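To start, the structure itself, in structure tokens.
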Amino acid sequence: METILFLAHTEADGSLGKAALEALTSAKSLATGLAGSPLIAGLVGGDVQPAANQIASCGAVKILGVASADFAPSRYSTDIVAVEALAKAAASTIIVAPATSRWNRVLAGAAQRLGGRIDAHATGISAADGKQSLTRWYYRQRMEAVVQRTRRPWFILLESGCADAWTGAAGTATVEAVAVALTEANQRTTVTGVQAPPTDEQTIRPDAKVLFVAGAGWTKKQADGQAHSDEAEKLILGFLARTKASLGSTKSLVDLSGEGQAVLKFMTHLNQVGQTGSTPRHPKGLATCCHGEEPHTVGWRFINERRAINLNPGCSWAQGKADVLYVADAFAVLRKINALLTATPG
């Protein structure tokens, strides 16, 4: 028998985000699959009552909370003692948490303090015949592995988009407060605020319905023998602003800045998909001016519906890597799309 701890931090408004609710679905499924294993929820934040009420009907035998103004911001020194306290209070053997930037920084340290083990980038959790296992990808998403561990406690960080977000009726939950004594050393770092670009300038949107992928062809010479990087920037940013799509890129385009070639100034390594980049899980994807580079196509293999625009009908996108291939000039296509979106907003 295991004791499953669902571990989550609250958002700024006190609620739980989509990634946390996805992890809750997996934690519930694991507890159900391991007969006699209770599910406990552990929440961290400035005020955890709204989050507790949100998941009141999730089936957790109890909800533990570490709450005060000291735990509202993401801060390693306070987060790690909160996680440690919750894990001990729950006597948990398996801890399931969303792979948010906040938990990604903290949970390895918590596992070390508690003498446990941690697996990050998990894409699924299952239980069969009384044994639990997780799946994750290795070698740039080319090999899938099934991992089992006997060491406890076992921390599992679940990637977003790998499970359906839990949905259930809200209610009024009872939260058992877990006291955490903070020392001066824990509070030495002060969080003064958050700096973030305006929403309209944000190009990475994990929850967007569409992933727009720009390839190196956008900065190459076009039919007139000239490169049109400035126009490419306007077209791509215009499309993103109108559709609220997320922006991805191939490694070849991201690396151009180091080769002295024309670049898209808003593109960074954070936008990179595949190879050493991210593995997005958007419902739909549209790749433009790409040439079917294998690392890139591996990187967006989990997109449900993949389409591409390329002038070359013989490019490798036509060999089954995209569900639909449009043989067309991406510049012309995006000009037309942006014009239509402007004429019919919303």
| note | Within segment 14-55, the count of residues that are among the aliphatic types (A, V, I, L, M) and surrounded by fewer than 18 Cβ atoms within 10 Å (Cβ to Cβ) comes to 1
| request: Determine if segment 284-291 includes at least one residue that is assigned to a strand (DSSP E or B), at pLDDT 90 or above, touching a strand residue (DSSP E or B) at 6+ places or on another chain (Cβ under 7 Å) and surrounded by fewer than 18 Cβ atoms within 10 Å (Cβ to Cβ). | output: yes
| Would you say Ala165 is assigned to a loop (DSSP other than H, G, I, E, B), under 19 Å from the mean Cα position of the chain (by Cα) and modelled with pLDDT of 95 or more? | yes
| request: Inspect all residues belonging to segment 223-230 and state whether any of them is of a type in the set (Gly, Ala, Ser), closer than 29 Å to Ser278 by Cα, surrounded by 12 or more Cβ atoms within 10 Å (Cβ to Cβ) and at pLDDT below 95. | output: yes
| field | Tally, over segment 104-139, of residues that are under 22 Å from Thr10 (Cβ atoms), in contact with a helix residue (DSSP H, G or I) (Cβ under 8 Å, 6 or more places away or on another chain) and not in a strand (DSSP E or B) | value | 5
| request: Please name all residue pairs, on different chains or six or more residues apart, with Cβ atoms under 7 Å, provided the first residue is in segment 125-147 and is in contact (Cβ under 8 Å) with a residue 24 or more places away in the chain and over 14 Å from Thr32 (Cβ atoms) and the second residue is in a strand (DSSP E or B) and of a type outside the set (A, V, I, L, M, F, W, C). | output: Trp137/Thr123; Trp137/Glu144; Val147/Asp119; Val147/Ser133; Val147/Arg136
| field | Wholly within segment 10-98, strands (runs of 3 or more DSSP E) carrying at least 2 residues that are in contact with a Phe, Trp or Tyr (Cβ under 9 Å, 6 or more places away or on another chain) and in contact (Cβ under 8 Å) with a residue 40 or more places away in the chain | value | 39-45, 94-98
| remark: Just one listed residue, out of Asp129, Asp119, is acidic (Asp, Glu), out of contact with any Ser or Thr (no Cβ under 6 Å at 6 or more places or on another chain) and either crowded, with 18+ Cβ neighbours inside 10 Å or modelled with pLDDT of 95 or more (or both), and it is Asp119
| Verdict on Thr150 being β-branched (Val, Ile, Thr), part of a loop (DSSP other than H, G, I, E, B), assigned by TED's automatic domain parsing to the domain that holds Ala19 and on the phi < 0 side of the Ramachandran plot | yes
| field | Residue list for segment 318-339, filter: surrounded by 13 or more Cβ atoms within 10 Å (Cβ to Cβ) and either outside the structural domain of Thr297 (by TED's automatic domain parsing) or farther than 26 Å from Asp230 by Cβ (or both) | value | Ala318, Lys321, Ala322, Asp323, Leu325
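Evaluate the following for Ala60: is it within 21 Å of the chain's Cα centre (by Cα), at pLDDT 95 or above and of a type outside the set (Phe, Trp, Tyr)? Write out each step before concluding.
Numbers: within 21 Å of the chain's Cα centre (by Cα): no; at pLDDT 95 or above: yes; of a type outside the set (Phe, Trp, Tyr): yes.
No.
When only residues in segment 266-277 that are of a type in the set (S, T, N, Q) and in contact with a Gly (Cβ under 7 Å, 6 or more places away or on another chain) count, which is surrounded by the fewest Cβ atoms within 10 Å (Cβ to Cβ)?
Of all residues in segment 266-277, those of a type in the set (S, T, N, Q) come to 268, 271-272, 275-276.
Remaining after also requiring in contact with a Gly (Cβ under 7 Å, 6 or more places away or on another chain): 271, 275.
Details: Asn271: 21, Gln275: 17.
Checking each candidate, the answer is Gln275.
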| field | Single match in Ala181, Ala196, Ala170 (criterion: part of a loop (DSSP other than H, G, I, E, B) and either in contact with a helix residue (DSSP H, G or I) (Cβ under 8 Å, 6 or more places away or on another chain) or in contact (Cβ under 8 Å) with a residue 12 or more places away in the chain (or both)) | value | Ala170
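The values are calculated or read from the model by the stated rules, or taken from the named source; none is laboratory data. The structure presented is a predicted model; accordingly, all values stated were derived computationally and were not measured. Virtual Cβ from ideal backbone geometry, glycine too; neighbours counted across all protein chains shown.
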